[in-house]
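A short write-up of the structure that comes next.
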Amino acid sequence: MVIYRAADYASMSRKAANIISAQVIMKPDCVLGLATGSTPIGTYKQLIEWYNKGDLDFSRVTSVNLDEYKGLSGDNDQSYRYFMNHNFFDHINIDKARTFVPDGTDPDSEHACARYNEIIREAGGIDLQLLGLGHNGHIGFNEPGSAFEKETHCVDLTERTIEANKRFFEKEEDVPRQAYTMGIKTIMQAKKILLVVSGEDKAEIVKTAFQGPVTPAVPASILQLHNDVTIVADEAALSKM
Ligand code: GLP
């Protein structure tokens, strides 16, 4: 596990974007696993800037996102599909037909998740998976207690996650209670993992996840067992390490 200490959010974002750029340059037809949340927004902005300068070409890239709220369609501005289009895909030359997000509109959880697993397999697996970190140690929407051996599945969101996400919705009742997420097994099968984390409010969970025991109680702790993980974090997030 390599930990890059960045001075601040901007520097964290640049470092993470550098790692993703290197992947795209070395393997133009790579499969990028992408993430939502506020943390990677700066990374996407940086990639867009370099793309606009002519330094990056995403035309042969395939992307698979970690998760999607069950019940939200891509035109709902709180869906993760909308987030990805708005924060990244609409600004680069990626072929939208090769950008995948679990289908939140499919009410049949088993079908939606099996289909997503198939998409990932057909793409040839994930070359580089970008991850954020939830305050309770969740990755994607794998909440504490999630079995490590799961692939894409439907989850009930915890109260804490619903609480953390409600700032994006008009009313708390509008926050979906379930989501489709890649499982820990799917994430661990990625060839490389890049986790971005920023801010003092994440310092405690960073320490617990990466210096504490590997346990399903802290989903991100499993990353200690992956052989190619890079954590890019700012000083604030690393202040307890
Ligand atoms: C959501 C997403 C996660 C993300 C987490 C942290 O729950 N499903 O993938 O990592 O939020 O978000 P933030 O980066 O905004 O702290």
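The values are calculated or read from the model by the stated rules, or taken from the named source; none is laboratory data. Bear in mind that the values here come from a model prediction, so they are computed numbers and not experimental data. As a convention, Cβ positions derive from the backbone with ideal geometry for all residues, glycine included, and neighbour counts pool all protein chains shown. With ligands, DNA and RNA removed, areas are computed over all heavy atoms of the protein, side chains included. Shrake-Rupley method; radii C 1.70, N 1.55, O 1.52, S 1.80 Å.
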Query raised in the report: Which pairs have Cβ atoms under 9 Å, sit 6 or more apart or on different chains, and link a residue in region 156-175 that is of a type in the set (Phe, Trp, Tyr) to one that is exposed (fewer than 13 other Cβ atoms within 10 Å of the Cβ) and modelled with pLDDT of 85 or more?
Result: 168/77
Query raised in the report: Scanning region 94-134 for residues that are in contact with a Phe, Trp or Tyr (Cβ under 9 Å, 6 or more places away or on another chain) and part of a helix (DSSP H, G or I), which turns out farthest from residue 181 (Cα to Cα)?
Result: 96
Report summary line: Among residues of region 188-212 being out of contact with any helix residue (DSSP H, G or I) (no Cβ under 7 Å at 6 or more places or on another chain), of a type outside the set (D, E, K, R) and farther than 15 Å from residue 129 by Cβ, the residue surrounded by the most Cβ atoms within 10 Å (Cβ to Cβ) is 206
Query raised in the report: In this structure, is residue 111 surrounded by fewer than 18 Cβ atoms within 10 Å (Cβ to Cβ), within 16 Å of the chain's Cα centre (by Cα) and not aromatic (Phe, Trp, Tyr)?
Result: no
Report summary line: Checked against (1) more than 16 Å from the ligand (Cβ to nearest atom); (2) in contact with an Asp or Glu (Cβ under 8 Å, 6 or more places away or on another chain), residue 82 satisfies every condition except (1)
Query raised in the report: What single numbered condition from (1) over 19 Å from residue 35 (Cβ atoms); (2) acidic (Asp, Glu); (3) within 15 Å of the ligand (Cβ to nearest atom); (4) open to solvent by less than 70 Å² (accessible area, probe 1.4 Å) fails to hold for residue 106?
Result: (3)
**Report entry** Members of region 153-176 found to be open to solvent by 10 Å² or more (accessible area, probe 1.4 Å) and in contact with a helix residue (DSSP H, G or I) (Cβ under 7 Å, 6 or more places away or on another chain), listed by number
**Finding:** 153, 154, 166, 172
Query - Tally, over region 159-213, of residues that are assigned to a helix (DSSP H, G or I) and modelled with pLDDT of 95 or more - result: 17
Query raised in the report: Which of the residues that make up region 159-210 are within 19 Å of the chain's Cα centre (by Cα), among the hydroxyl-bearing types (Ser, Thr, Tyr) and either closer than 14 Å to residue 221 by Cα or more than 10 Å from the ligand (Cβ to nearest atom) (or both)?
Result: 180, 186
Query raised in the report: Does region 29-44 include one or more residues that are more than 28 Å from residue 168 (Cβ to Cβ) and more than 17 Å from the chain's Cα centre (by Cα)?
Result: yes
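Quick grid of which residues meet (1) open to solvent by less than 40 Å² (accessible area, probe 1.4 Å); (2) within 15 Å of the ligand (Cβ to nearest atom); (3) closer than 28 Å to residue 156 by Cα; (4) of a type in the set (S, T, N, Q):
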residue	(1), (2), (3), (4)
3	no, no, no, no
10	no, no, no, no
13	yes, yes, no, yes
29	no, no, no, no
41	no, yes, yes, no
70	no, yes, yes, no
95	no, no, no, no
